[in-house]
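Colleague: Quick one: structure below, then a few questions.
The values are calculated or read from the model by the stated rules, or taken from the named source; none is laboratory data. Remember, predicted model here, so these are calculated numbers, not experimental data. Positions of Cβ are backbone-derived with ideal geometry, glycine not excepted, and every protein chain shown enters the neighbour counts.
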Ligand SMILES: [Zn+2]
């Protein structure tokens, strides 16, 4: 890893790097290959979060004044999706930056007593002095699962997907629920089948806006496919040699599919 997360900001350093956001969008220098900027711009900063060290250099996320006019010949604003697939470490860093800025922006006032909150100096938290309420950055765990039946993969087309892309199933873990219980519930709700032999695959931070995707393989155990009318436009079994358009391996959905297909081809 070229990035080492850290919560304690160092003193001002001449070699600091900035990830710059305006209106929640990442600002990129059109002349540079990556979005890390030397911290030498005199843009008015409205928020700042220390992220950690990128290749040994202190790195900060900054939100600049939304009124500032950036020269469109030199600067471009865009979504984090643009970084997906190019550089995994950089995508994780930019995701951390966007999430910490959004968390600070959304916790200016205490949810318990309504007083203004301050950044805690000792740890990464927003603190309410009057009532001592502390709020830490929040991530939302989700399960994502590839259901398999021998040579076949169960893939679904979400009603909100662009085009004809089919993918794995996913859903948010509810309060009080384990990842495994969530997986069984989501699969039953979305496609109506039951599964067994869950196997953990890996995880991915997914900053849209703050999910942690926990990837699992699951084997088909029984039932006919019945799609959830609101979420799923279509779901069906595909042989690994005749897959539809699927997500790229820059997402954990794409990696689950690629891993299983490679495994079956070797048999
Ligand atoms: Zn309070």
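Colleague: Considering (1) closer than 30 Å to residue 102 by Cα; (2) surrounded by 14 or more Cβ atoms within 10 Å (Cβ to Cβ), say which one residue 237 fails and leave the rest.
Modeller: Only one criterion in (1) closer than 30 Å to residue 102 by Cα; (2) surrounded by 14 or more Cβ atoms within 10 Å (Cβ to Cβ) is unmet by residue 237, namely (1).
Colleague: A further question on this structure: Against the condition more than 25 Å from residue 250 (Cα to Cα), touching a residue at least 12 places away in the same chain (Cβ under 8 Å) and away from the ligand (no atom under 16 Å from the Cβ), how does residue 70 come out, does it pass?
Modeller: So residue 70 fits the description; yes.
Colleague: Given the condition at positive phi, out of contact with any helix residue (DSSP H, G or I) (no Cβ under 8 Å at 6 or more places or on another chain) and modelled with pLDDT under 95, answer yes or no: does some residue in the stretch 17-28 qualify?
Modeller: Yes, some residue in the stretch 17-28 is at positive phi, out of contact with any helix residue (DSSP H, G or I) (no Cβ under 8 Å at 6 or more places or on another chain) and modelled with pLDDT under 95.
Colleague: Within the stretch 111-137, which residues are surrounded by 12 or more Cβ atoms within 10 Å (Cβ to Cβ) and more than 16 Å from the ligand (Cβ to nearest atom)?
Modeller: The answer is 124, 137.
Colleague: Every residue in the stretch 249-267 that is part of a loop (DSSP other than H, G, I, E, B) and farther than 15 Å from residue 144 by Cα, please.
Modeller: Scanning the stretch 249-267 gives a single hit, 267.
Colleague: Just one of 33, 61 is within 18 Å of residue 92 (Cβ to Cβ) and touching a helix residue (DSSP H, G or I) at 6+ places or on another chain (Cβ under 7 Å); which is it?
Modeller: The unique qualifying residue is 61.
Colleague: Test of understanding: among 175, 221, 181, which residue is surrounded by fewer than 16 Cβ atoms within 10 Å (Cβ to Cβ) and in a helix (DSSP H, G or I)?
Modeller: Result: 181 is the single residue among 175, 221, 181 that is surrounded by fewer than 16 Cβ atoms within 10 Å (Cβ to Cβ) and in a helix (DSSP H, G or I).
Colleague: Related question: Quick check: is even one residue across the stretch 26-45 more than 19 Å from the chain's Cα centre (by Cα), within 29 Å of residue 134 (Cα to Cα), outside the structural domain of residue 253 (by TED's automatic domain parsing) and free of Cβ contacts under 8 Å to residues at least 40 places away in the same chain?
Modeller: Yes, because at least one residue in the stretch 26-45 is more than 19 Å from the chain's Cα centre (by Cα), within 29 Å of residue 134 (Cα to Cα), outside the structural domain of residue 253 (by TED's automatic domain parsing) and free of Cβ contacts under 8 Å to residues at least 40 places away in the same chain.
Colleague: Out of curiosity, is residue 63 at pLDDT below 95 and part of a strand (DSSP E or B)?
Modeller: no
Colleague: Yes or no: residue 77 more than 16 Å from the ligand (Cβ to nearest atom), within 24 Å of the chain's Cα centre (by Cα) and surrounded by fewer than 18 Cβ atoms within 10 Å (Cβ to Cβ)?
Modeller: yes
Colleague: Mind listing whichever residues of the stretch 138-172 are surrounded by fewer than 17 Cβ atoms within 10 Å (Cβ to Cβ) and assigned to a loop (DSSP other than H, G, I, E, B)?
Modeller: 138, 139, 150, 151, 159, 160, 161, 162, 163, 164, 165
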